[in-house]
């Protein structure tokens, strides 16, 4: 899959927005149709290029949210207040509008469904997006690889893919999901609001002895903290792959 | 601001794919300054127009500098001892 793009330049494509849906209070998913799209691997991203009337351009990276599916591509965009690109993508861009993208990009923060080993996913906020692509790819490929996800999120309303995650936790055999709420919890939630810490990590992740492949994605500070806790829990640092983005936008 | 905002090498994949024939995020490079060996994806990326800098995640030494102008790309890789690229 996507083997054809391993050599040679990665093309810029003109995608067409065919659908837009709310994913949380602040995030939207854009469904794009990309003629000639070569397919992608779970965890890859694209660069999005916006060009203003005066020729000024801005390029940002966004993780791909869907499992590869013909010429369809889904990007989930968290709107960053005062962002240069994300408000346009999340609010203004509408079905029928064109969008320039380059990809698929990245060969390191990638999960291949041929792998059978356990997979530990750790998401902070919109860092869920590339991990969702892995969960969807696992289901699409009928993979039996055991998956666990810890999803740290501000509040129930900020949770992306909330309904789908609830359904998959019940239906996808071998997928377990744990939530950490940092600002507001659902009613009757047994825990106070908290940040991810050594205890929440220890309670939810695969034992270090199972040596899972580990993918951590989120804001820089979250990724540093979470991978630190994983190492304290005995995880081999070389098994932990991270993808981080800054508060100004960037990857997802 | 005490710590500048950075992304990581994953975010540099697109710009580097303009000059490399293969993916660089999965390529292991050795830092000239501290000797650490890590995939470029783990590097810290500072992106300011018109270029990007990939720094060592351990010691922050600049590994790769890429600046693009009209019709040319300037690539400075003196911060790397080597880069081990996957060739399919």
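Give the distance, in whole Å, between the Cα centre of segment A:48-95 and the Cα centre of segment B:4-46. So the two Cα centres are separated by 23 Å. Working from Cα positions, state the angle (0 to 90°, nearest 10) between the long axis of helix A:220-232 and the longest principal axis of chain A. Taking Cα atoms only, the helix is inclined about 30 degrees. The ranking of A:229, A:245 by Cβ neighbour count inside 10 Å, starting from the fewest, reads A:229, A:245. Which shape class, rounded, prolate or oblate, goes with chain A when its Cα gyration tensor gives a ≥ b ≥ c as root eigenvalues, a/c under 1.5 marks rounded, and past that a/b bigger than b/c marks prolate? Here chain A falls in the prolate category.
Look at the Cα gyration tensor of segment A:7-101: its axes a ≥ b ≥ c give a/c of at least 1.5 with a/b at or below b/c, and that counts as oblate.
Kindly express, to the nearest 10 degrees and within the range 0 to 90, the angle between helix A:162-171's C-alpha long axis and the longest C-alpha principal axis of chain A. Compared with the principal axis, the helix lies near 50 degrees. Among the residues of A:100-106, the average count of other protein chain beta-carbon atoms within 10 Å of the residue beta-carbon is 5.
Look at the stretch B:20-27: the mean tally of other chain Cβ atoms within 10 Å of its residues' Cβ atoms is 5.
Would you order A:238, A:76 from fewest to most other beta-carbon atoms within 10 Å of each residue's own beta-carbon?
The fewest-first ordering by Cβ neighbours comes to A:238, A:76.
Shape of chain B from its Cα gyration tensor (a ≥ b ≥ c, root eigenvalues): rounded if a/c is under 1.5, otherwise prolate when a/b > b/c, or oblate? Show your work: numbers first, answer last.
Numbers: a/c = 1.55, a/b = 1.04, b/c = 1.49.
Oblate, since a/c reaches 1.5 and b/c is not below a/b.
Sorted ascending by nearby beta carbons within 10 Å, beginning with the fewest, A:150, A:64, B:58, B:87 become B:87, B:58, A:150, A:64. Give me the angle, in degrees from 0 to 90, between the Cα long axis of helix A:128-140 and the longest principal axis of the Cα atoms of chain A, rounded to the nearest 10. With rounding to tens, the tilt is 80 degrees. Less than 15 Å from a label point 7 Å out along the Cα-to-Cβ axis of residue A:142: which backbone N atoms in segment A:100-128 qualify, by residue? Of the residues in segment A:100-128, A:114 have backbone N under 15 Å from the label point off residue A:142.
Please state the relative contact order of chain A as a whole percent: Cα pairs under 8 Å, 6+ residues apart?
Relative CO of chain A lands at 20 percent.
Shown is the FRET efficiency for residue A:239 and residue A:84, computed with R0 = 30 Å from the Cβ-Cβ distance and rounded to the nearest 0.05: 0.25.
Each reported figure results from applying straightforward, stated rules to the coordinates on display, with no laboratory input. Because the structure is predicted, anything quoted here is derived from the model rather than measured. Here Cβ is always computed from backbone atoms with ideal geometry, including for glycine, and neighbour counts include all displayed protein chains.
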